[in-house]
């Protein structure tokens, strides 16, 4: 039986982290720390979820002079439903350590 889309341990860890902060937006850096994912893994997941309509991604200007703007992420209604489904179907994946062991 094929795996459900967006059900990899890494994606579940991202969805779980976003679900934990919903409805507040979250920075990619905070997601990286919470999930223990490196940027080369995290940002493609975020981009894919955004393209699929599960995430709202917006630029936020920095409040500190000389610092670049940052992306903030928040689950959409469809993303909230997906995160809850993945959590209920497979249990939460809090971090890579928990997701991959």
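Values in this text are rule-based calculations from the coordinates and carry no lab data. Remember, it's a predicted structure, so these values are computed and weren't measured experimentally. Here Cβ is always computed from backbone atoms with ideal geometry, including for glycine, and neighbour counts include all displayed protein chains.
Some notes on this structure:
- Over the stretch 20-63, the Kirkwood radius and the radius of gyration, each from Cα atoms, give a ratio Rg/Rh of 0.95.
- Two-decimal log10 I(q)/I(0) for the stretch 1-86, as the Debye equation yields it once each C-alpha is a single scatterer, q = 0.21 Å⁻¹: -0.96
- The stretch 1-59-the stretch 65-87 distance, computed between alpha-carbon centres (Å): 7 Å
- Per-residue Cβ neighbour counts within 10 Å put 54, 29, 43 in the sequence 29, 43, 54, beginning with the fewest.
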